[in-house]
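Asks: Pasting in a structure now, in structure tokens, and then I'll have a few things to ask.
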């Protein structure tokens, strides 16, 4: 077990009312319009998404799309990050926005049943992102990641990373071994922590810095994108085998989100180019071994199926023509941040945007092409 860092502290609170950094009571279930988001995120299975604002946080269900929780702390009580565990009552909050509720170096454990906080984590540097999984809270700083056990409120592990301003970190959430992926110690490298095997694996995924990560629920498959944003690579997370290479486009782009379907037949990608792409994954994720054996992974991905129709000319044409292209696309306002996840209904995706937009779209797995828009709402004014 890693030693507890002297500059970072955790304190557990039995009472909420004695704390001065946050309001002692949140307003419950208000349905008034809410202010501009400071942060958006899906929960683990995309059944909900959270919205941070300058006055509190809100939780929306995705199917159907409706506001389910409103927690308003008042003006000048802004939040910059919220993490929730599936649809439980436990959240982790970090101050942010134009008038932060608290310094961005503090994280509060919020129990929504108690309408109050039960613990506090304090660091010397800004918190970049949060994850709440497997009875642990994961706090991502610029070059370190701390994992705390919620059962005894002790630090269980810490890792160092290359400079990670986006707070990139993903964790498996299905039953089975726990895996965490994050940037490694070098540019373009991904670190895989397999806690079930007590094994660390480094994957040299790109030549440019890692810009986005995604992990299947069972942790078997990893998707990565670099700061160039032209290629997405898909790996066996345990042994680092490259399973597929996907081509988003030729121009540089900022990748906002990557999302796997369940089971992992599809991968969705959103970027600042105003497009959401759906890629077909041509391997069987259930056949990838993650039991720690030395046998090579069993995969249905063949050399022919991993490339485009130009594969017969692979030796004569640039790599641009040998990557897999998307099956389906949906168009959004360019330059506006949108996050994507797969919906409960077959062949559907859910998209949320910083402008309050909510889309539900359907793609044709056989014909591909442009997706069909099924719904469009503004969650900032939704009841």
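Asks: At R0 = 51 Å, how high is the FRET efficiency between residue 175 and residue 331 if r is their beta carbon distance? Nearest 0.05 is fine.
Replies: For residue 175 and residue 331, the calculated efficiency is 0.85.
Asks: Between residue 124 and residue 76, how many nm apart are label points set 7 Å from Cα along the C-beta direction?
Replies: It is 3.0 nm.
Asks: Given 0.36 nm per residue, what is the gain on full extension from residue 245 to residue 362 after removing their alpha carbon distance, in nm?
Replies: Gain on extension, residue 245 to residue 362, equals 39.7 nm.
Asks: Starting from the Cα gyration tensor of the range 104-187, take the square roots of the eigenvalues, sort them a ≥ b ≥ c, and report rounded, prolate or oblate (rounded when a/c is under 1.5, otherwise prolate if a/b is larger than b/c, else oblate).
Replies: oblate
Asks: Using Cα pairs under 8 angstrom and six or more residues apart, how large is the relative contact order of the range 29-160, in percent?
Replies: This gives 14 percent for the range 29-160.
Asks: Moving on. How far apart, in nm, are two points set 7 Å out from the Cα along the Cα-to-Cβ line at residue 346 and at residue 157?
Replies: Calculated label separation equals 3.7 nm.
Asks: Per 0.36 nm of contour for each residue apart, how much would the distance between residue 134 and residue 66 grow if the chain were fully extended, relative to their Cα-Cα spacing?
Replies: 21.8 nm
Asks: Next up: Measure out, as a whole number of angstrom, how far apart the alpha-carbon centroids of the range 133-183 and the range 205-228 sit.
Replies: 16 Å
Asks: Arranged by the count of other C-beta atoms within 10 angstrom, fewest first, what order do 331, 325 take?
Replies: In order of increasing Cβ crowding within 10 Å: 331, 325.
Asks: Diagonalise the Cα gyration tensor of the range 29-160 and give the resulting equivalent ellipsoid semi-axes, square root of 5 times each eigenvalue, largest first, whole Å.
Replies: 23, 17, 13
Asks: OK, next. Can you sort 254, 334 so the residue with the fewest Cβ neighbours within 10 Å comes first?
Replies: Sorted ascending by nearby Cβ count, the order is 334, 254.
Asks: Roughly how many nanometres apart are two label points built 7 Å out from the Cα toward the Cβ at residue 200 and residue 111?
Replies: 3.5 nm
Asks: Checking the a/c ratio against 1.5 first, then a/b against b/c, what shape does the Cα gyration tensor give for the range 185-258?
Replies: Prolate, since a/c reaches 1.5 and a/b exceeds b/c.
Asks: Where in the range 226-246 is the amide nitrogen less than 13 Å from a point lying 7 Å along the Cα-to-Cβ axis of residue 252?
Replies: 226-230, by backbone N distance to the label point.
Asks: Over what distance in Å are the Cα centres of the range 255-270 and the range 43-110 separated?
Replies: The range 255-270 and the range 43-110 have Cα centres separated by 23 Å.
Asks: What's the ranking of 338-347, 358-367 by average number of surrounding C-beta atoms within 10 Å, highest first?
Replies: Put in order of decreasing packing, that is 338-347, 358-367.
Just so you know, all these numbers are worked out from the coordinates, no wet-lab data involved. All of these numbers come straight from a predicted model, not from anything done at the bench. Positions of Cβ are backbone-derived with ideal geometry, glycine not excepted, and every protein chain shown enters the neighbour counts.
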